[in-house]
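These notes are about the structure you will find just below.
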Amino acid sequence: DAGVIQSPRHEVTEMGQEVTLRCKPISGHNSLFWYRQTMMRGLELLIYFNNNVPIDDSGMPEDRFSAKMPNASFSTLKIQPSEPRDSAVYFCASNMDSDNEQFFGPGTRLTVL
Amino acid sequence: SQQGEEDPQALSIQEGENATMNCSYKTSINNLQWYRQNSGRGLVHLILIRSNEREKHSGRLRVTLDTSKKSSSLLITASRAADTASYFCATARWGGGADGLTFGKGTHLIIQP
């Protein structure tokens, strides 16, 4: 299995631009999680889905952030408009809802100038 | 917000020595997990302990959980240079895979050859 796949691995953009991060979970997994990691705040849960349905989006910082999971094999996290304080590494993780262990992707390093 | 707090924040030891990291959390949990993150990489699950367990072993890893003190410790015995990484504890409120994790800020472990 290829593991959780995230793209792009690195993104550099200018303030005000729209940014879309993509995630392909491990085949057969039915829960998907988006986390953000910064030096100041550590790892934070942004949102998670179960069977493609958003379950908890209380960690999404503000309305500029949105996430979708149109099918079991694809999810996006969109930031519009982006701001410098959104600079972070964004991780996607997936698992089976019968299993507590989460499998993480390699992350997308986002830099907003 | 970060529920888990690890200490120490950084730990440097000689190869072959044992490394102990501690984690505290604030709310009730179903389980506590430890993850490792190598520089620039995603997180890898190491071990899980449930709220009704007090100690668990996996290879060179030993984890303890004290729910009365809301704390956990991770012991790595006979450390190796390859153990150099950041280690995070993560708590799950409900158990089952469809539950986002709350991470601590991590302990950066350096194993000196």
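The values are calculated or read from the model by the stated rules, or taken from the named source; none is laboratory data. A quick note: this is a predicted structure, and the numbers were derived from the prediction, not measured. Here the Cβ is made from the backbone with ideal geometry for all residues, glycine too, and neighbour counts use every protein chain on show. When the accessible area is computed, the model is the full protein with side chains, heavy atoms only, and any ligands, DNA or RNA have been set aside. Shrake-Rupley method; radii C 1.70, N 1.55, O 1.52, S 1.80 Å.
Descriptive notes on the structure:
- Subset of region A:62-84 that is in contact (Cβ under 8 Å) with a residue 24 or more places away in the chain, out of contact with any Gly (no Cβ under 6 Å at 6 or more places or on another chain) and open to solvent by 30 Å² or more (accessible area, probe 1.4 Å) - its residue that is nearest to A:T20 (Cα to Cα): A:K78
- Selected residue (criterion: farthest from the other protein chains (Cβ to nearest Cβ)) from residues of region B:74-95 that are open to solvent by less than 20 Å² (accessible area, probe 1.4 Å) and either more than 25 Å from A:E44 (Cβ to Cβ) or small (G, A, S) (or both): B:S79
- Region A:96-110: number of residues that are polar (S, T, N, Q), open to solvent by less than 30 Å² (accessible area, probe 1.4 Å) and assigned to a loop (DSSP other than H, G, I, E, B): 2
- Residue identified as within 12 Å of chain B (Cβ to nearest Cβ), touching a Leu at 6+ places or on another chain (Cβ under 6 Å) and open to solvent by 10 Å² or more (accessible area, probe 1.4 Å) among A:R36, A:R9: A:R36
- Test: A:S87 is at pLDDT 95 or above, surrounded by 14 or more Cβ atoms within 10 Å (Cβ to Cβ), more than 17 Å from B:A98 (Cα to Cα) and more than 14 Å from chain B (Cβ to nearest Cβ): yes
- Pick from region A:39-51, criterion more than 21 Å from A:R109 (Cα to Cα) and surrounded by 16 or more Cβ atoms within 10 Å (Cβ to Cβ), ranking: farthest from the chain's Cα centre (by Cα): A:N50
- Looking across region B:23-38, the residues that are aromatic (F, W, Y) and assigned to a strand (DSSP E or B) come down to B:W34, B:Y35.
- From A:A67, A:A93, A:A2, residue being within 10 Å of the chain's Cα centre (by Cα) and either farther than 18 Å from B:L43 by Cβ or assigned to a loop (DSSP other than H, G, I, E, B) (or both): A:A67
- Count of residues meeting criterion [in a loop (DSSP other than H, G, I, E, B) and more than 26 Å from B:N31 (Cβ to Cβ)] in region A:70-90: 6
- Entry remark, region B:52-66: residues being outside any strand (DSSP E or B) and in contact with a Ser or Thr (Cβ under 6 Å, 6 or more places away or on another chain) number 1 in total.
- Filter pass, A:V12 being farther than 26 Å from B:I47 by Cα and in contact with an Asp or Glu (Cβ under 7 Å, 6 or more places away or on another chain): no
- Given (1) more than 26 Å from A:G3 (Cα to Cα); (2) more than 13 Å from the chain's Cα centre (by Cα); (3) open to solvent by 50 Å² or more (accessible area, probe 1.4 Å), number of the condition B:T67 does not satisfy: (3)
- One residue from A:G59, A:G16, A:G28 being assigned to a loop (DSSP other than H, G, I, E, B) and touching a Pro at 6+ places or on another chain (Cβ under 8 Å): A:G16
- Of residues in region B:96-113 being on the phi < 0 side of the Ramachandran plot and in a loop (DSSP other than H, G, I, E, B), the one farthest from the other protein chains (Cβ to nearest Cβ): B:P113
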